[in-house]
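I have a structure here, written as structure tokens, and I will follow up with some questions on it.
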Amino acid sequence: MSVVNRDQDQESDQPRPQPRPGRQPSWFEGEDEAQTERGGLFVGVVVDRALDAVLTYRAPQRLVASIQLGQRVRVPLGRNGVVTGYCVSVDLLPPEDLPPSKIKDVVEILDAVPLIDARMLELTRWMAGYYMCSWGQALDAVVPAGVRNQAGTRVGTFLVVRPEARQAFDDETLQKTLTAKQTAAIEALCRSDELLTVSDVCRRAKCGAGVIKTLRDDGLIHTVKRRLSLAASRSDDSEPAAGEPTAAPKPPPAMTPEQAAAMAALTPALDGDAFAPFVIFGVTGSGKTEVYLTAIERTVARGREAIVLVPEISLTPQTIRRFRRRFRRVAVLHSHLSDVERHRHWQSIAQGEIDVVVGARSAIFAPTRRLGLIVVDEEHESTFKQETVPRYHARDVAVKRAQLENTPVLLGSATPSLETWRNAELGRYARISMPSRVEGRPMPAVEIIDLRNEKHLTGGLSETLRLAMHQALDDDGQVILLLNRRGYNTFVICPKCGQVVKCRHCDVAATYHKNRHMLICHTCDAERACPPACPSCQAPVLHYGGIGTERLEREIRMEFPFHESRRMDSDTMRRHGSHEVTLAAFKSGEVKILLGTQMIAKGLDFPNVTLVGVVDADVALHLPDFRAAERTFQLVAQVAGRTGRGNRPGRVLVQSFCPEHPAIANAARHDYEGFVRYELPTREAPLASPYGRIVRLVARGRDEARVEKYLDELTKTLRAKAPPGVRFWGPSPTPILKIREEFRFHLQIRCASAAPLRAMLRDLPLHPPPNKVDLAVDVDPISML
Ligand code: ADP
Ligand code: ZN
């Protein structure tokens, strides 16, 4: 690939207008001498700022031959000097209302080959309108940073761990002196097969640049400058490692009647050239993935490409292997990729070298050339929603992209979101049901343990669950335990004054982590030492309560000392690859008990698991969010699906204080539709989704009064011009009032249809927040906290 850079441009034989000696280039001033030069093309340019406008520039004669849609260009912009933007239109004539003398020239073209095509331009323009962000912000989401900065093709600054530090780190002598973030950063560097930039390390270690700076200041790491080319580094943990036998392609199993029926329904769409949305509603283990694979085979066979979206957490080696076994040219896009790797994948996809793109959220923007199918597995997963600008939902973007590219799209789930379910009910999506498991395996029997009857419960396990575990293990089965709360104790409270010890920066109870002997905030990751006395009333003894995975692990080790157990949560799975190691140990039978957070609930397929225990089904049930019941139902139903997948029947025990709650009772009966019959009507009157469209405005800032006042005033303004049918919830403090020292207030605006909301919010930019207050506009919000 070649990049047109300034130097090449200057060497080209095309004359370029020179500014007169002693004068600034004309774009710094109002009048433009270059306008006297006739000809050129007029291009619409979107700059990557929050500025929501298409600006018109002129491509001078020397650039006319090379300017194309989707290229990035450098253009003069007011006092900002020269900025980068995307070329979104090319015309022979300027807009009528714009006098030619006002039109400035494009300075240079950055990309020889456009980064995005016309259809992507259209998709991003739709995103900007729908999600109420600027077109430039949407474009930035589509083109990864590694592609924008052409990662890997030029000199870059990379981080290296000093050999002495590396040695000390391996000996674990160093680790005691480091914070968790610092450890994660060094670990990311030690584990990578290729050079990493600061931003690569920050992403992998989930830390800020400050952590890197400290490590540099302490002399543990240093920087080197290297020139890399795209081809030079080829390391990808999803590719089969050397030595690992590439599994021989297995012939696909003969289809079950339900799978065959699903394919029969899909085939005309797969062979056609029209938009066709489908929902595959199939219980866990019904063979949905097999249907995706077969559908993709058909798509690839006719020379088209497929994009498969899965939640990041399901992007396990097990899943990836399943695709690699069936297809030769697969690209896996996950969040651990470095800029260089991402850039390389992007190039091979754009050059038509890839048939199947498998990835998390942002893979929906893969630059395929002849897209033939999009699959969204576990479409109900909330991680498909991006929580930073542009706040898009990858499932919904997938449907839009399929519509723009005239392809089928398959949304699959055992527990579809109510939005998708309703779209199917209304006939917008064709529904394919797969109600039974392959090979006639029964759904596991689920029993609910009413914790109100467990008078002597001291730990996480009721008597019934404990005995069931002994029995399963004695029968040589394996056990999965779900507890969706990490840490040792979930709160620390003063028995005298009743105050809970909170994070210093957030309005959140801190969690006690015993291994590290620290209180950690699960909202901002800040750590604080365990206080010797109550921070409020100085009482000398604090009470530690609530059970997290770390404490459950201890309980399990005491109760089952002769059975290997392993904990899987984001504390133990910090090292990239540890997921794989743990799952392999579980698969081989070496580990008998796997316990963990929702990480273990998704997509795992182990035939020998005969018992699944849900230690506390109520964790998310009472959160102030209208989707609390839906999420609880989904999690319990998904984890219940992790057993009985082999020849041995499975048993599921669910511990709850609210066994009658429809979310729990229906999950226990594997009755999705029963849950929907209960849940949907509760959403109708309050115009909650899927009945209402919701836009959530969140204002935040350090000055509580200022944030509150701004949102109050904004609400008044909006109310004054609200069309009929629009309803307001709030403004009110968010359930977590303070996060990272910032106070947050929110307002929900709901309406049965989207158009009035959009019309009302069109001139939101006219009411910008005051200094030091931020406003986030969240369309179709997923999080309400
Ligand atoms: P889902 O995605 O619905 O949970 P999978 O496609 O993962 O279901 O299938 C569940 C299990 O059944 C997997 O181990 C898979 O290999 C196996 N399987 C799928 N289809 C068939 C089939 N037609 N015959 C035999 N086994 C199958
Ligand atoms: Zn915090």
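Every number here is computed from the coordinates shown, using simple stated rules; none is lab data. These numbers were taken from a predicted model, which means no experiment stands behind them. Glycine also receives a Cβ, built like all others from the backbone with ideal geometry; neighbour counts cover every protein chain displayed.
Take the alpha-carbon positions of the stretch 45-111, form their convex hull, and give its projected area averaged over all directions (one quarter of the hull surface) in nm².
Dividing the Cα hull surface by four gives the mean projection, 4.6 nm².
Please turn the phi angles of the stretch 353-359 into ³J(HN,Hα) values with the Karplus equation 6.51 cos²θ - 1.76 cosθ + 1.60 (θ = phi - 60°), one per residue in order, whole Hz, x for glycine and proline.
8, 10, 9, 10, 9, 10, x
Counting helices only, and only those DSSP H runs with n ≥ 4, report the 222 nm mean residue ellipticity of the chain as the sum of -39,500 (n - 2.57) divided by its residues, in deg cm²/dmol to the nearest 500.
Value at 222 nm, helices only, nearest 500: -9000 deg cm²/dmol.
From the square roots a ≥ b ≥ c of the eigenvalues of the alpha-carbon gyration tensor of the stretch 306-365, which class results: rounded (a/c under 1.5), prolate (a/b over b/c), or oblate?
oblate
Amide H neighbours of SER89 under 5 Å, at least 5 residues apart or on other chains, H built in the peptide plane: list them.
Under 5 Å from the amide H of SER89: GLY44.
DSSP loop GluC sites (Glu not before Pro) in the stretch 552-620 with at most 12 other Cβ atoms within 10 Å of their Cβ, which ones?
GLU590
So, one more: Hey, could you get me the Stokes-Einstein D for the chain, Kirkwood radius over alpha-carbon pairs, 25 °C and 0.890 mPa s, rounded to whole µm² s⁻¹?
85
May I ask which residue of VAL446, ALA472, ASN484 lies farthest towards the positive end of the charge dipole of the stretch 446-485, with charges of +1 (Lys, Arg) and -1 (Asp, Glu) on Cβ and the Cα centre as origin?
ASN484
Another one. Going through the cross-link list LYS721/LYS772; LYS181/LYS400; LYS181/LYS502, which pairs have a Cα-Cα distance over 30 Å in this structure?
LYS181/LYS400
Continuing with this model, one more query. Using 0.36 nm times the number of residues separating ALA755 and MET558, minus their current alpha carbon distance, what extension gain do you get?
65.0 nm
Right, here's the next one. Under 8 Å for C-alpha pairs, at least 6 residues apart: give me the relative contact order for the chain, rounded to a whole percent.
10
Okay, next question. Among the aspartates and glutamates, which have Cα under 13 Å from the Cα of LYS206 when same-chain residues fewer than 8 positions away are ignored?
GLU187, ASP525, ASP571
To continue, here is another question. What fraction of the DSSP beta bridges in the chain is antiparallel, stated in percent and rounded to the nearest 5?
For the chain, the DSSP antiparallel bridge percentage is about 55.
Can you list the residues, at least 5 places off or on another chain, whose amide H is less than 5 Å from the amide H of VAL614, using H built in the peptide plane?
Amide H neighbours of VAL614, under 5 Å, 5+ apart: LEU482, LEU653, VAL654, GLN655.
For the stretch 272-407, what mean projected area does the convex hull of the alpha carbons give, in nm²?
8.0
On to the next question. Which GluC sites (Glu not before Pro) from the stretch 93-159 combine a DSSP loop assignment with at most 11 other Cβ atoms within 10 Å?
Those that pass, being in a loop and sparsely packed, are GLU96.
Hey, another quick one. Quick one: compute the contact order of the stretch 654-785, relative version, from alpha carbon pairs under 8 angstrom and 6+ residues apart, as a percent.
Relative contact order here is 31 percent.
While we're on this one: Work out, in µm²/s and without decimals, the Stokes-Einstein translational diffusion coefficient of the stretch 552-695 at 37 °C, 0.692 mPa s, Rh from Kirkwood over C-alpha pairs.
This corresponds to a translational diffusion coefficient of 195 µm²/s.
Can you give the local net charge around LEU371? Use residues other than it whose beta-carbon is closer than 9 angstrom to its beta-carbon, Lys and Arg +1, Asp and Glu -1.
Around LEU371, the surrounding residues sum to +3.
With a cap of 13 neighbouring Cβ atoms within 10 Å, and only residues DSSP puts in a loop, list the chymotrypsin sites (Phe, Trp or Tyr not before Pro) found in the stretch 285-350.
none
Let me ask another. As a test, work out the antiparallel percent of DSSP beta bridges whose residues both lie in the stretch 48-140, rounded to the nearest 5.
That works out to approximately 80 percent antiparallel.
Normalised by the residues of the stretch 621-691, what does the relative contact order come to in percent, with Cα pairs under 8 Å and at least six apart?
It comes to 28 percent, rounded to a whole number.
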